[in-house]
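A short write-up of the structure that comes next.
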Amino acid sequence: MLSVEEAYDEARRGAVWLERPPALRLIKLTGPQRVWFLQNTITADVDDVPPGTWVESCFLDSKGRVQAHFRAGFLADEIWIDAEPDAGRLADWFASYKFRTKVEIQTQERRCFTVLGPDATALAGDGRIELDEISVVFGYTLGDIPAADLHTDAPPHAPNAVPELYDVVRIEAGAGRFGVDFGDRDLPQEAGLTRVVSAQKGCYVGQETVARIHFRGHINKVLRTLRFDGVDASGLAGRELRSGSEAVGRVTSATTSPRFGVVGIGMVRVEPPAGASLAVDGGGEATLGPVPEGTKVKTA
């Protein structure tokens, strides 16, 4: 098994694979009203998604808070949803909103392997979903590294990497994770997921809050990237961040990148500008990344 440093180098020129923690992640939707059902339930506009592609979306509660974050892949006769960490809970919510809709909801339990590196594009290109008799594959990118999630029982043909590599790549890319960087008390806009919510389409669960923020409101905090100096990544998660004497946020994830040193993600107020230096509770400094594009903030 390759170390983080060895696997990171290989992921930038070829491909490595790692196994993700065991979890129930897949939901399969069939039936003639499957697209209509999702259109009226989740945050993304899915009315005209071409077969063979996936969209990123959320399921919200009635107050507009994120309850699940996932990818929905559209094929000719079915939709596959990859939800982390627990698709079972999302499937139960879907069932509670189904009523008389002609859609069948099934959970599917398979091992999940992530392939990282340029060779991952041969499995499924960015934004693609592939299906065969033994596997479901979602293709995407993390920063500048192509990736593919394989839901199958057989490991891919590539060098094996330590599981820690995935967090190195996703944190470096600023990709927040449900249950780690944001949770079920956060709005999608606070989780940096403004891109996955539609303010134009018709009614869906939590849509009133989404529309109110989009048309008349703003948010005060959001996930932002961090680069650290003078501090070790171990134990950084949970530490407070300060601008002068004012607490402006906290670290949610941190790791050591072979390229950039200690990097992280934090839930931070929107006012400090990109490039601002923040003091880390317990010592060290963090350089703050930008507010995600499209985030609605208060204007002067």
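The values are calculated or read from the model by the stated rules, or taken from the named source; none is laboratory data. Small disclaimer: the values here were computed from a predicted structure and weren't measured. Neighbour counts are summed over all protein chains in view; Cβ atoms, including those assigned to glycine, are modelled from backbone coordinates with ideal geometry. We work out accessible area using only protein heavy atoms, side chains counted, and drop any ligands, DNA or RNA first. Shrake-Rupley method; radii C 1.70, N 1.55, O 1.52, S 1.80 Å.
When Asp232 is tested against (1) under 18 Å from Asp181 (Cα atoms); (2) at pLDDT below 95, only condition (1) is not met. Any chance region 171-191 includes a residue that's touching a Leu at 6+ places or on another chain (Cβ under 9 Å), over 18 Å from His69 (Cβ atoms) and open to solvent by 20 Å² or more (accessible area, probe 1.4 Å)? So far as region 171-191 goes, yes, one or more of its residues are touching a Leu at 6+ places or on another chain (Cβ under 9 Å), over 18 Å from His69 (Cβ atoms) and open to solvent by 20 Å² or more (accessible area, probe 1.4 Å).
Are any of the residues in region 90-102 crowded, with 20+ Cβ neighbours inside 10 Å, β-branched (Val, Ile, Thr) and outside any helix (DSSP H, G or I)?
So in region 90-102, the residues crowded, with 20+ Cβ neighbours inside 10 Å come out as 90-91, 94.
Cutting the leftovers down to β-branched (Val, Ile, Thr) gives us none.
Within region 90-102 (the criterion being crowded, with 20+ Cβ neighbours inside 10 Å, β-branched (Val, Ile, Thr) and outside any helix (DSSP H, G or I)), the answer is no, since none of the residues qualifies.
The set of residues in region 224-258 that are small (Gly, Ala, Ser) and closer than 18 Å to Val168 by Cβ comprises Ala233, Ser234, Gly235, Ala237, Ser253, Ala254, Ser257.
Could you check region 213-234 and list, in sequence order, the residues that are exposed (fewer than 12 other Cβ atoms within 10 Å of the Cβ) and in contact (Cβ under 8 Å) with a residue 40 or more places away in the chain? I'd like the intermediate steps shown before the answer.
Keep residues of region 213-234 that are exposed (fewer than 12 other Cβ atoms within 10 Å of the Cβ), which gives 215-216, 220, 230, 234.
Residues satisfying the conditions are Asn220, Gly230.
Across region 29-44, the qualifying residues are those that are touching a strand residue (DSSP E or B) at 6+ places or on another chain (Cβ under 8 Å) and surrounded by fewer than 18 Cβ atoms within 10 Å (Cβ to Cβ), and the one among them that is nearest to His69 (Cα to Cα) is Thr30. Tell me, please, whether a residue that is within 23 Å of Gly143 (Cβ to Cβ), open to solvent by 70 Å² or more (accessible area, probe 1.4 Å), of a type in the set (Val, Ile, Thr) and in a strand (DSSP E or B) can be found in region 254-263. There is at least one residue in region 254-263 that is within 23 Å of Gly143 (Cβ to Cβ), open to solvent by 70 Å² or more (accessible area, probe 1.4 Å), of a type in the set (Val, Ile, Thr) and in a strand (DSSP E or B). Under the condition of being touching a residue at least 24 places away in the same chain (Cβ under 8 Å), in contact with a helix residue (DSSP H, G or I) (Cβ under 8 Å, 6 or more places away or on another chain) and of a type in the set (A, V, I, L, M), the residues counted in region 156-212 number 9. For region 116-131, the count of residues that are out of contact with any Lys or Arg (no Cβ under 6 Å at 6 or more places or on another chain), of a type in the set (Val, Ile, Thr) and touching a residue at least 60 places away in the same chain (Cβ under 8 Å) is at least one.
Annotation: Asp61 fulfils all but one of (1) surrounded by fewer than 19 Cβ atoms within 10 Å (Cβ to Cβ); (2) charged (D, E, K, R); (3) closer than 18 Å to Gly176 by Cα; the unmet one is (3).
Just give me the residues in region 267-289 being outside any loop (DSSP other than H, G, I, E, B) and touching a residue at least 60 places away in the same chain (Cβ under 8 Å), in sequence order. Selection gives Met267, Ala286, Thr287, Leu288.
The set of residues in region 169-227 that are part of a helix (DSSP H, G or I) and within 14 Å of the chain's Cα centre (by Cα) comprises Val169, Arg170, Ile171, Glu172, Ala173, Thr194, Arg195, Val196. Of the residues making up region 103-129, those that are outside any helix (DSSP H, G or I) and either touching a helix residue (DSSP H, G or I) at 6+ places or on another chain (Cβ under 7 Å) or open to solvent by less than 80 Å² (accessible area, probe 1.4 Å) (or both) number 16. Check whether at least one residue in region 66-87 is out of contact with any Leu (no Cβ under 9 Å at 6 or more places or on another chain) and farther than 23 Å from Ala147 by Cβ, and report yes or no. Yes, that holds for at least one residue.
Among the residues in region 117-124, are any more than 13 Å from the chain's Cα centre (by Cα), among the charged types (D, E, K, R) and under 30 Å from Glu240 (Cα atoms)? Full working, then the answer.
The first filter runs over region 117-124 and keeps only residues more than 13 Å from the chain's Cα centre (by Cα), leaving 117-124.
Now narrow it down to the ones that are among the charged types (D, E, K, R): 119.
Now restrict to residues that are under 30 Å from Glu240 (Cα atoms): none.
No, the conditions are met nowhere in region 117-124.
When you check Tyr8 against the structure, is it over 20 Å from Asp184 (Cα atoms) and either in contact with a strand residue (DSSP E or B) (Cβ under 6 Å, 6 or more places away or on another chain) or part of a helix (DSSP H, G or I) (or both), yes or no? In short, yes.
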